Amino acid sequence: MERAMDSTKNDKKDLERKLKPAGSYLDSLSNFADLLGTIRQAENAAQELLEETAVTARTKTSSVSDSVKTGDTSAGDEAENRDGQTSAPGAEEVKAEETAENELTMDELLEKLDALVGLENIKQNVKSLINYVKIRELRVENELPNPPLSLHMVFMGNPGTGKTTVARILSELYRAIGVLSKGQLVEVDRSGLVAGFVGQTAPKTVEAVKSALGGILFIDEAYSLAPDISSGNDFGRESIEALLKMMEDHRDDLIVIVAGYNEPMERFISSNPGLESRFNRYFIFEDYNSDELYEIFSSMCKKSEYILTDDAIEFAHEHFRDLYDFRDENFGNARHVRNFFENIVAVHSDRLSAQENHTRDDLMTVVCEDLEKASIM
C-alpha cells in the first residue's frame with residue numbers, strides 16, 4: 001500500500017515538473033497577465049467615463065430647459081454647437097425673418113404700381129396720397145398740427161379694372177411708411193359680413209374686421225349691403241352699423257376700401273350718414289382701352305412663353321378693338337383678356353394633340369386659327 005502511494009506521489013511530481021513553466025516562457029506568461037489587467041482597467045475606466053458623460057449631459061439638458069422656462073438668457077451659451085453656431089431659431093423667429101425678407105421696399109412697391117397697365121390717374125392719386133401721409137408724419141415730428149385724416153376709400157369701376165390689385169399694393173405701401181402695422185389685405189363681400197338670422201350679422205362683421213386689423217379690409221360689391229334703401233328688414237344695415245363702429249374704434253390701424261360699380265356705389269355711400277363722413281376719397285377706375293387690353297394680353301403670352309404669328313397678332317388687335325368699341329355694362333376688362341388667353345391655350349393644346357413629333361417651336365407658337373376659335377368660345 002505504501003509502495004503504491006509513493007508511486008502516485010512520484011508520478012504527480014513528474015507531471016508537475018513537465019507542466020511547470022520555466023525561463024522565458026514564464027516571463028511571457030507574467031507579461032500577458034499584466035497586459036490583461038491593464039486591459040480590464042482600461043475597460044472599467046471607459047465605462048466610468050461613459051456613465052459620467054451621460055449624467056453631465058442630462059444635467060445640462062435639464063439646466064437649459066429650466067432656463068428657457070424661467071426666461072434665463074444665460075443658458076443660451078449651453079445650447080451652442082461645437083462650431084460656435086447657436087441652435088436653430090424657433091418657428092416664430094423663422095416666420096418673422098421670412099416675412100421681413102418678403103416685404104418690399106417703398107421704391108419696389110412704387111415700381112410695381114408703375115408696372116401696371118394703364119390706370120394713370122389711379123397711379124397719380126396713390127402717389128399723391130402717399131406723399132400726403134409722409135408729409136403728415138414729418139409735421140408730427142416737428143410738432144406741427146395736422147387736420148383730421150381719413151384714409152378709407154371708395155373704388156368705383158367695372159370688374160377687371162385692377163381695383164383689388166391696387167388695393168393690395170396700397171396696403172403694402174402703407175405698411176412700408178408705417179401707417180399700417182401689418183399691411184395685409186383681407187377681401188370680403190356681402191357673404192363674408194352678413195348672416196341669415198337676427199343677431200348673427202354684427203358678430204360676423206366684427207370678426208371680419210378683426211382679421212383685417214393692421215391692414216386693409218377690402219369689401220367688393222359693397223353696395224349689396226344696402227340693396228334697398230326703403231327696406232328696413234335687410235341684415236346688411238346691421239353689418240354697416242357694426243362696420244362703422246369698428247372703423248371708429250380702430251381708426252389708427254385699419255383702412256376700409258369699399259368697391260363696386262359707379263352708380264350702385266354712390267347709392268351705397270348715401271344710404272348712411274356715417275358712410276358719407278368716413279369715405280371721402282374716391283378712386284375712379286376707367287375701362288381699359290383696346291391698346292391696353294392688347295398690352296395685358298401680350299404680357300400674359302410673354303409670361304407663359306407663347307409666341308403669336310404675325311396674322312395672329314393682327315387678329316388680336318382687331319379683336320380687342322371690337323371688344324372695347326361694343327362694350328356694355330357687362331364688360332369684363334382684364335377678366336375678359338384672361339378668359340380669352342385661357343381659351344387660346346386650350347385650343348392650342350387641342351390642335352397639337354392631333355399631331356405627332358412636336359418641336360419646341362410647335363409648343364410655343366400660336367397661330368391665327370387658335371385665336372379665331374378662342375374668340376367664339
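Under a point spin-label approximation (7 Å from Cα along Cα-to-Cβ), what is the LEU363-ARG281 distance to one decimal in nm?
Rounded to a tenth, the inter-label distance reads 4.7 nm.
HN-Hα J couplings of region 135-142 from phi, Karplus 6.51/-1.76/1.60, θ = phi - 60°, integer Hz, Gly and Pro as x?
5, 4, 4, 5, 5, 5, 4, 9
Sorting THR165, THR105 on the 10 Å Cβ count, fewest up front, what's the list?
Working: THR165 15, THR105 10.
Fewest-to-most ranking of THR165, THR105: THR105, THR165.
Please report ASP114, ASP310, ASP287 as a ranked list, fewest other C-beta atoms within 10 angstrom at the top and most at the bottom.
Result, fewest neighbours first: ASP310, ASP114, ASP287.
Using only the Cα atoms of region 104-285, what are the Rg and Dmax in Å?
Using the Cα atoms of region 104-285, the pair Rg, Dmax is 16.4, 51 Å.
May I ask which of LYS134/LYS204; LYS302/LYS373; LYS127/LYS182; LYS127/LYS302; LYS134/LYS163 have a Cα-Cα span longer than 26 Å here?
Listed pairs above 26 Å: LYS134/LYS204; LYS127/LYS302.
Could you check the spin-label model distance between VAL140 and GLU120? Points 7 Å from the Cα along Cα→Cβ, value in nm.
3.5 nm
May I ask for the distance between the Cα centers of region 333-375 and region 246-294, given as a whole number of Å?
38 Å
To the nearest whole percent, what portion of all C-alpha pairs in region 290-375 is separated by more than 20 angstrom?
Counting every Cα pair in region 290-375, those more than 20 Å apart make up 30 percent.
With a 10 Å Cβ neighbour count serving as the proxy for reagent exposure, in which order, fewest first, do ILE376, ILE130, ILE135, ILE255 appear?
Least crowded to most crowded, the residues run ILE376, ILE135, ILE130, ILE255.
Hey, can you rank 349-360, 201-212 by average C-beta count inside 10 Å, highest first? Please list the in-between numbers first.
On the way: 349-360: 9.2, 201-212: 18.4.
So the peptides 349-360, 201-212, ranked by packing, come out 201-212, 349-360.
Quick note: the coordinates plus some simple rules give every number you see, no bench work behind them. Since the model is a prediction, treat every value here as computed from it, not as a measurement. Don't worry about glycine lacking a Cβ; one is built from the backbone with ideal geometry, like all the others, and counts go over all protein chains shown.
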